[in-house]
Amino acid sequence: MTTQPWQRIKASHKVIVILDVAHSVEQQELERYLRAALHEHAIESEIHECVLPIVRDPENPPAEKLQPLLDLPSDTAVLPLRVVWRTSLQEKNTRPRARDLLFGNPRRPKPSRARRILRQHPERVVCVAGEPATLADLEARFRQRRGDTVTTDALAAFIAGQAGLALDVAERRLQGSRYKVPRRVATNLLASFKFRQALEEVSQETGRPMDDLLAESETIMRELISRPQPFWLDVMAQLNHWIINLGYDGEVVIDQKGLERVRQISREYPTALLWTHKTHVDGFAVNSVCADNDFPAPHILGGVNMAFAGLGFIARHAGAIFIRRSFQNDPLYKTVLRQYIGYLMEKRFPLSWAFEGTRSRVGKLMPPRYGLLKYVMDSAHATGAENLHIIPISISYDMIGDVKDYAVEEAGATKRPESLSWFIGYLRGLRQPMGKIYFDFGEPVVLEKTPSPEDPREIQRVAFAVGVEVNRVTPITLPSLLCMVLLGAAPRALTADELRVEVNALRDWAHDRGITLTKNIDEQDQEQIESLTQKMIDSGLLTRYDDGPERVYTIAAEQHGVASYYRNTVIHFFLNKAIAELALLHMEQQKVTGVDAFWGEAERLRDYFKFEFFYAPRDEFRRDVSAELSRYRPTWESDLDSPGAAQELFDGLQPRMAHGVLLPFIEAYRVVADVLARQTGDEPIEEKDFVQQCLAYGRQAYLQRRISSEASIGKLLFGNGYRLMDNLGLVAVPDAAAEREALGEQRLQMAQAFRQLQRRLERVRAAALP
């Protein structure tokens, strides 16, 4: 029996003991516990029992029986008690069985079941006492949060809510931190002085009366506010594990040091967990990692399109917050959302969402959607939250079941809308061995004073910092290296020895630069490497030919788009070296010397792909490239003044990477430039129509082998190419005839430039292949 709460009430002359019970069995058990505790601790205070069924409705606990007791002296102590029904004495994370959905929550058994547990397993029944407080202290808390107006019924409801929270804390000491959930959120928000002030501003802006706004706010809150409950957290944890085990056998490799750092940060500061989004498994994996490591369930922010029947109900009762897709013209909805998020941050409940806003269809980190980040920063700014910690999380996979669908969508197919039937079909598709999942945590982006979200540069700065950290901690996986090497060699197959040499060279290069690799590559675990390679073959991604004198490997026919996805997850590590290789070859081809010529071409290439990658600032880019080339030749800058030095430096850059990294982007942009150069007429070119033209021409170019890979045909690639051309002033059609003629010539020059760049890339490939 915990002694602290009882020692604290010993000096009180009068004590209100709140018995939080769901039925008579619990009441009898608590009364026995109360008598034993009073005797054990020699407490002679005047006891006033008050039976309140808080557990039946924690959001709106009935408090009428408490009202008459509020006339007691202000130094009267209030002590809440509750029965905790444990599912096991040893395990905090015992999950519900399927029959629990039929027979009720095992942590809140009904009377007949409760009697049976008392008879057969009395050790599983534990009575707990919450932290006591005096009536004076509770009234002071009430005034601080609600204002100076105190009514008996409002105060009684507040004390009942505080009793429930104190008991939740006591219960979590037995069950674990994963069951920490917010209580009475809507009630507390509606009574909040800050919320009323915000509504008054909306009233002044829209001219609507406060009563109407309050009524609609309650409707919005019923739609928006999640209501996590321990039982449904258990159900969600079970669902998470089941989904992960479909394809990954529960193999989740976690950066434990990073996780413990995040745990400590979330206890002390407002916290947002921003994770990369590659598959629908991501959200389930985040919840699973948190639950398995006794981490408070994060409130995952997502679109209302995922709140379909079944999953939506469970997710909402496990902490998910489903947000309308569009509410720009609804100031009341924005206000309620802002205040709700601010409340969760104030109470130290971690928020969580996909950094990119949508799943990456091409593997590399997508440009972030600023909406959710803006709303969180807006909430922190409006509510005065300080030291907001934004935690970048990289979720990586050996293999991903969604990738084949992505490749088809990129080739022009229509995405299937989410629904229950879609979700069932999606789960069936996960039933294949896909290796492991990897969780890695970047350094937090800390906002000591949250800047105004009205400044888009501040949001972009934060998003960029998150993106850089996510890329930094993303591990290089075996499938990503295999796909990078084989795509660079395609259409040629590589022998087993050639493939091993290329992969080992890239592994050593990454290891020397402190880049994280998954354990099977880093430790050269041959058994795991062969097992994962076989899974890639079984999935249809790789082809192995055994009937010749040597075993050879290649990317399977029509799987280049899938292989490109895996390659793209790690190409950011190799990008700077790829640019340096092409810049050196340009100097040799143009017969120019000097470091200025090198930097001019390197920065031109960097600018070409600015819609594809997260770049460091220009000065940092130069430092990184210079440091890379200095590893090969410390005097490279001065050496470039000599004729032939660029070729010599290029010859020493082993392993070569440009063909494995930039091939699909250069070929796709060549298609874009060719299609643009063929445009006639004075009508504006709409991006959607232009991308469709590129898809059609891209397929033709592949059949004619003007481009070498189907991975170079994709909607996102062509869309980014269109944005580059627009940024370079080659899309908009001028009014003057002379200017239109000049534009046509500029488009032809750009098409020629990308053809030359493609030929330069072929030289890199020819030099790289054995």
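Here are a few things to note about the model shown:
- Taking (1) within 28 Å of Ala563 (Cα to Cα); (2) touching a Lys or Arg at 6+ places or on another chain (Cβ under 9 Å); (3) open to solvent by 10 Å² or more (accessible area, probe 1.4 Å) in turn, Asp607 satisfies each apart from (2).
- Residues of region 153-165 satisfying the condition of being open to solvent by 60 Å² or more (accessible area, probe 1.4 Å) and within 17 Å of Ala77 (Cβ to Cβ): Leu165
- Of the residues making up region 201-221, not a single one is under 20 Å from Thr279 (Cα atoms), in contact (Cβ under 8 Å) with a residue 12 or more places away in the chain and open to solvent by less than 30 Å² (accessible area, probe 1.4 Å).
- Members of region 604-620 found to be under 20 Å from Ile666 (Cα atoms) and in contact with a helix residue (DSSP H, G or I) (Cβ under 7 Å, 6 or more places away or on another chain), listed by number: Leu605, Arg606, Tyr608, Phe609, Phe611, Glu612, Phe613, Phe614, Tyr615
- Condition broken by Arg338, with the remaining ones in (1) in contact with a helix residue (DSSP H, G or I) (Cβ under 8 Å, 6 or more places away or on another chain); (2) touching a residue at least 12 places away in the same chain (Cβ under 8 Å); (3) open to solvent by less than 20 Å² (accessible area, probe 1.4 Å); (4) within 26 Å of Gln460 (Cβ to Cβ) satisfied: (3)
- Within region 682-704, residues that are at positive phi have Cβ atoms under 9 Å from residues that are in a loop (DSSP other than H, G, I, E, B) and open to solvent by less than 100 Å² (accessible area, probe 1.4 Å) in no pair, counting only partners at least 6 apart in sequence or on another chain.
- Residue within region 468-488 that is outside any helix (DSSP H, G or I), charged (D, E, K, R) and open to solvent by less than 60 Å² (accessible area, probe 1.4 Å) present: no
- Subset of region 489-507 (residues that are open to solvent by less than 40 Å² (accessible area, probe 1.4 Å) and among the basic types (Lys, Arg)): Arg507
- Which numbered condition Pro491 misses (of (1) within 19 Å of Phe614 (Cβ to Cβ); (2) not in a helix (DSSP H, G or I)): (1)
- Leading residue by the ranking (modelled with the lowest pLDDT) among those in region 612-629 that are open to solvent by 30 Å² or more (accessible area, probe 1.4 Å) and farther than 18 Å from Ala658 by Cα: Pro617
- Pick from region 622-670, criterion part of a loop (DSSP other than H, G, I, E, B) and within 20 Å of Arg507 (Cβ to Cβ), ranking: farthest from the chain's Cα centre (by Cα): Gly652
- The residues listed here are Val55, Val21; of these, the one that is closer than 20 Å to Ser112 by Cα, touching a helix residue (DSSP H, G or I) at 6+ places or on another chain (Cβ under 6 Å) and not acidic (Asp, Glu) is Val21.
- Beta carbons closer than 8 Å, at least 6 apart along the sequence or on distinct chains, never pair a first residue in region 106-132 that is over 12 Å from Glu26 (Cα atoms) and of a type in the set (D, E, K, R) with a second that is in a loop (DSSP other than H, G, I, E, B) and modelled with pLDDT of 90 or more.
- Condition check for Val150: closer than 26 Å to Gly384 by Cβ, open to solvent by less than 30 Å² (accessible area, probe 1.4 Å) and either assigned to a loop (DSSP other than H, G, I, E, B) or touching a strand residue (DSSP E or B) at 6+ places or on another chain (Cβ under 7 Å) (or both): no
- None of Ala732, Ala711 is crowded, with 21+ Cβ neighbours inside 10 Å and of a type in the set (A, V, I, L, M) except Ala711.
- Residue check for Phe690: touching an Asp or Glu at 6+ places or on another chain (Cβ under 8 Å) and among the hydrophobic types (A, V, I, L, M, F, W, C): no
- Among the residues of region 433-467, those identified as part of a helix (DSSP H, G or I) and either open to solvent by less than 70 Å² (accessible area, probe 1.4 Å) or of a type in the set (D, E, K, R) (or both) are Arg457, Glu458, Ile459, Arg461, Val462, Ala463, Phe464, Ala465, Val466, Gly467.
- Scanning region 36-85 for residues that are part of a helix (DSSP H, G or I) and surrounded by 14 or more Cβ atoms within 10 Å (Cβ to Cβ) yields Ala37, Leu38, Ile54, Val55, Arg56, Lys65, Leu66, Gln67, Leu69, Leu70.
- Flag for Arg196 being open to solvent by 40 Å² or more (accessible area, probe 1.4 Å), touching a helix residue (DSSP H, G or I) at 6+ places or on another chain (Cβ under 6 Å), in a helix (DSSP H, G or I) and free of Cβ contacts under 8 Å to residues at least 60 places away in the same chain: no
- Within region 376-407, restricting attention to residues that are without any contact (Cβ under 8 Å) to a residue 60 or more places away in the chain and surrounded by fewer than 24 Cβ atoms within 10 Å (Cβ to Cβ), the residue that is nearest to the chain's Cα centre (by Cα) is Asp405.
- If you go through region 166-189 and keep only what is at pLDDT 90 or above and either more than 19 Å from Asp294 (Cα to Cα) or open to solvent by 20 Å² or more (accessible area, probe 1.4 Å) (or both), you end up with Ala166, Val185, Ala186, Leu189.
- Region 487-507 residues that are of a type in the set (Lys, Arg), paired with ones that are open to solvent by 40 Å² or more (accessible area, probe 1.4 Å) (beta carbon under 7 Å, 6 or more apart): Arg492/Leu769
- Residue, farthest from Asp378 (Cα to Cα), within region 316-335, restricted to residues that are in contact with a Lys or Arg (Cβ under 9 Å, 6 or more places away or on another chain) and open to solvent by 10 Å² or more (accessible area, probe 1.4 Å): His317
- Selection count, region 671-703, where residues are more than 36 Å from the chain's Cα centre (by Cα), assigned to a loop (DSSP other than H, G, I, E, B) and loosely packed, with under 14 Cβ neighbours inside 10 Å: 6
- All positions within region 222-251 that are β-branched (Val, Ile, Thr) and either in contact with a Ser or Thr (Cβ under 7 Å, 6 or more places away or on another chain) or loosely packed, with under 15 Cβ neighbours inside 10 Å (or both): Ile244
The values are calculated or read from the model by the stated rules, or taken from the named source; none is laboratory data. This is a predicted model, so every value here is computed, not measured. Glycine gets a Cβ as well: all are built from the backbone with ideal geometry, and neighbour counts include every protein chain shown. Only protein heavy atoms, including side chains, enter the accessible area calculation; ligands, DNA and RNA are left aside. Shrake-Rupley method; radii C 1.70, N 1.55, O 1.52, S 1.80 Å.
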